[in-house]
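The values are calculated or read from the model by the stated rules, or taken from the named source; none is laboratory data. As the structure is a computational prediction, the values presented were derived from the model and not from experiment. With ideal geometry, Cβ positions are generated from the backbone for all residues, glycine too; neighbour counts draw on all protein chains shown. In case anyone asks, the SASA skips ligands and DNA or RNA and just uses the protein heavy atoms, side chains included. Shrake-Rupley method; radii C 1.70, N 1.55, O 1.52, S 1.80 Å.
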Amino acid sequence: TFWASHDVGHVFSKGRIGGFGAGVDPARLKLARNVPEADAEIVDFALSELRALTSAKRRYFGWVFLPAPHGPYEDWTEGKIAKSEKECYLSELRYMDTELGRLLAGLESTGALAHTIVVIAADHGEEFRANGGERHKSTVFSEGTHVPLVAWIPGMRGVRHDAPTSLVYLFPWLLSHDQGDMRKKALQRIESSLVPMMRATNDAVVIELIGHARMMSSLVYPQLKLNHNL
């Protein structure tokens, strides 16, 4: 196992958000500096880990966290042509996308992509005052909660799903395809923690904003979204 991310203010490593280091070999833990070049530094470390693990023909799990698309927004284009905060944010996205492409290309060059599950997701979007919120953790409107979710599974044909889903469902779903004990554990977790909420909300995806400047929740259905400000 390895983990490559930024750790500004020790958000992940010293308990402000607990549990991220569980199960990660400390010798394979990389916490990059929180500077514009952090994404490149993170990808470099992740690629070195992947090459070592794949050359040794070992199974692996890696978590790679790219922090570039995040406030305070900076223009990383050549010539610094961005004018607004949103243009700077889009510039950050382009930079991160380039580094993500470098990570995937590196994984493919090792030959491991053909037998590696790759999941690309985000922890939040960004708000630019369309509904009164700024940055993130402000509201439960779609600009902050509708995030990319792409899963590459070798041997499975690609298909796009437009129905709402949740990142909370992701790992139980992946584990449910296992043929051994992990499948049983995943199904037990789904039954105990997710099914009651699904039944109570008629299969809604539930979003909650708790403990920040405001408390809000949202129920998301294929054709309807209900926001509630507590």
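Quick look at the numbers
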| item | result |
| --- | --- |
| For peptides 74-81, 39-46, sequence by mean Cβ density within 10 Å, most packed first | 39-46, 74-81 |
| Percent accessible area from carbon and sulfur atoms, the chain, protein chains only, probe 1.4 Å | 55 percent |
| Most mobile listed residue (Gly106, Gly23, Gly125) in the chain, GNM with C-alpha springs under 10 Å | Gly23 |
| ³J(HN,Hα) computed for each position of segment 94-106 - Karplus, 6.51 cos²θ - 1.76 cosθ + 1.60, integer Hz, glycine/proline x | 4, 5, 4, 4, 5, 5, 4, x, 5, 5, 5, 5, x |
| Dipole in debye (nearest 20) - segment 25-181, about Cα centre, beta carbon charges: Lys, Arg +1; Asp, Glu -1 | 440 debye |
| Cross-link partners of Lys86 among lysines (Cα-Cα below 19 Å; sequence separation of 8 or more within a chain) | Lys137 |
| Residue-by-residue Karplus 3J(HN,Hα) for segment 149-163, coefficients 6.51, -1.76, 1.60, Hz, glycine and proline x | 8, 10, 10, 9, 10, x, x, 9, 6, x, 8, 9, 10, 9, 6 |
| Under-5 Å amide H pairs with Met215, H placed in peptide plane, nonlocal only | Leu230 |
| Proportion of all alpha-carbon pairs of segment 105-220 beyond 20 Å (%) | 56 percent |
| Cα gyration tensor category, rounded, prolate or oblate, for segment 171-230 with a/c compared to 1.5 | prolate |
| Between segment 24-87 and segment 156-189, the Cα center-to-center distance that results, in Å | 26 Å |
| Overall Cα dimensions of segment 31-98 - principal axes, largest extent first, Å | 48, 19, 16 |
| Amide H contacts of Asp7 (H built 1.01 Å from N, under 5 Å, at least 5 apart or other chain) | Ala32, Asn34 |
| The chain, helix-only ellipticity at 222 nm - DSSP H runs n ≥ 4, -39,500 (n - 2.57), divided by all residues, nearest 500 | -9000 deg cm²/dmol |
| Proximal aspartates and glutamates relative to Lys30, as straight alpha-carbon distance under 16 Å, when same-chain residues fewer than 8 apart are discounted | Asp7, Asp39, Glu41, Asp44, Glu49 |
| Per-bin percent of Cα-Cα distances, segment 1-154 [5 Å] | 2, 9, 15, 19, 20, 16, 11, 6, 2, 0, 0 |
| For the chain, share of DSSP beta bridges that run antiparallel, in % to the nearest 5 | 70 percent |
| Straight-distance crosslink candidates among lysines, where the alpha carbon sits under 29 Å from Lys184 and sequence neighbours closer than 8 are dropped | Lys57 |
| Accessible solvent surface per residue of the chain, calculated while the other protein chains remain in place, 1.4 angstrom probe, Å² | 65 Å² |
| Gaussian network model of the chain, springs between alpha carbon atoms under 10 Å - residue of Arg94, Arg189, Arg33 with greatest fluctuation | Arg189 |
| Whole-Hz ³J(HN,Hα) from phi, Karplus 6.51 cos²θ - 1.76 cosθ + 1.60, for segment 115-128, glycine and proline x | 9, 10, 7, 10, 10, 10, 8, 10, 8, 5, x, 10, 10, 10 |
